[in-house]
Amino acid sequence: MQHSSNSFDERTTSGRHKSYWIESTSPHAYSGILKQNIHADVVIIGGGLAGVSAGYCLTEVGKKVVIIEDGYIGSGESGRTTAHLVTALDDRYYDLERIFGEEETKLIAASHKAAIQFVEDTVRKENIPCQFERVPGYLFLHPSDEHKSLKEEFEAATKAGVDVRETPSVPGMLNYQGTCLEFPGQAQFHPLVYMHALCDAIEKKGGKIFTGTHAADINHEGITTSEGYTVKANHVVVATNSPVNNLVAMH
């Protein structure tokens, strides 16, 4: 494993300002820039939480994995996250139910619950000191909102199988008047410490991680980097947050 300095450059963070997560960890170069043609069972483009989690799971079942990241691990959205792991979603459950129906909304809720449990189990299995902690989450009204929205959310979230309860106050918000919703069993953690530990586990299982390497072309056979090197693979996972194609104007 290679460590580089924590000076600002575009590979450290995709934003002008560094987050606490980026400031409190050193960027990891791992295998550095890809400088040869290689082959893998799976090539993953993007070294954020999605790409690293996929890489970890695939190496656990014996796949030969290569991760390509044009910055450092977690230098994009994952390094600038709130670090909340939630079933209390930004989208309201009553909106999800209206759009997708009750059964599909149950799957959405179950997937988030399973994701939190996966992180907790992985933290325990790999002994990761990422400050993982189960905490409750709270949803309360903005002054411009109406009380019926909390009632609708409580009913829809309950139907979806989410553990939610009504409570008369929000901890720490002394000026807030009225009820709110409490979502027990949410979680928080240090995402970069967690991702770096997963990357270490990936490398121990034979996976390769190349940072500072841009996937200039992606197709069904693998990827070609901006420097002309290729990763041929049986499967390609694109985990870049915003899609890296030019087929649509808005993602």
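The values are calculated or read from the model by the stated rules, or taken from the named source; none is laboratory data. Here the structure is a predicted model, which is why all the values come from computation and not from measurement. Backbone-built Cβ (ideal geometry, glycine too); neighbour counts: all protein chains shown. Ligands, DNA and RNA are stripped out before the accessible areas are found, and what is left, the full protein with its side chains, is counted by its heavy atoms. Shrake-Rupley method; radii C 1.70, N 1.55, O 1.52, S 1.80 Å.
A few notes on this one:
- Among Tyr93, Tyr229, the order of accessible area from largest down is Tyr229, Tyr93, computed with a 1.4 Å probe on protein heavy atoms.
- Given a 1.4 Å probe and the protein chains as shown, Thr224 ends up with an accessible area of around 40 Å².
- With a simple spin-label model that places each label point 7 Å from the Cα along the Cα-to-Cβ direction, the separation between Ile38 and Lys159 comes to 4.9 nm.
- Cβ-derived FRET efficiency at R0 30 Å, Glu23 paired with Val135, nearest 0.05: 0.85
- Computed from the alpha carbon atoms alone, the convex hull of the range 114-162 holds 93 Å³ per residue.
- Listed cross-link partners Lys125/Lys232; Lys113/Lys208; Lys18/Lys208; Lys106/Lys205; Lys64/Lys125 are compared with a 25 Å cut-off, the Cα-Cα value being larger for Lys125/Lys232; Lys113/Lys208; Lys18/Lys208; Lys106/Lys205.
- Accessible surface for the range 32-170, divided over its residues, is 54 Å² per residue with a 1.4 Å probe.
- Dipole of the range 146-235 computed with +1 at Lys/Arg Cβ and -1 at Asp/Glu Cβ about the Cα centre; of Leu198, Val164, Gln186, farthest Cα towards the positive end is Leu198.
- Label-to-label distance, nm, for residues given as Thr81 and His220 (7 Å Cα→Cβ offset): 3.3 nm
- Taking every alpha-carbon pair under 8 Å whose residues sit at least 6 apart, the chain reaches a relative contact order of 31 percent.
- Ellipticity estimate at 222 nm from DSSP helix runs (n ≥ 4, -39,500 (n - 2.57)) divided over the chain, nearest 500: -9500 deg cm²/dmol
- The rule of thumb for compact globular proteins, 2.2 N^0.38 Å, goes into the C-alpha radius of gyration of the range 120-251 1.57 times.
- The chain - convex hull of the alpha-carbon atoms, volume per residue in Å³: 164 Å³
- Nearest-0.05 FRET efficiency for Glu60 and Ala110, computed from C-beta distance (R0 30 Å): 0.90
- Sequence-separation-based contact order of the range 120-251, relative, with Cα cut under 8 Å and 6+ spacing, percent: 21 percent
- Among beta bridges that DSSP assigns inside the chain, antiparallel share in %, nearest 5: 60 percent
- Summed side-chain charge close to Val43 - residues other than Val43 whose Cβ falls under 15 Å, Lys, Arg +1, Asp, Glu -1: -1
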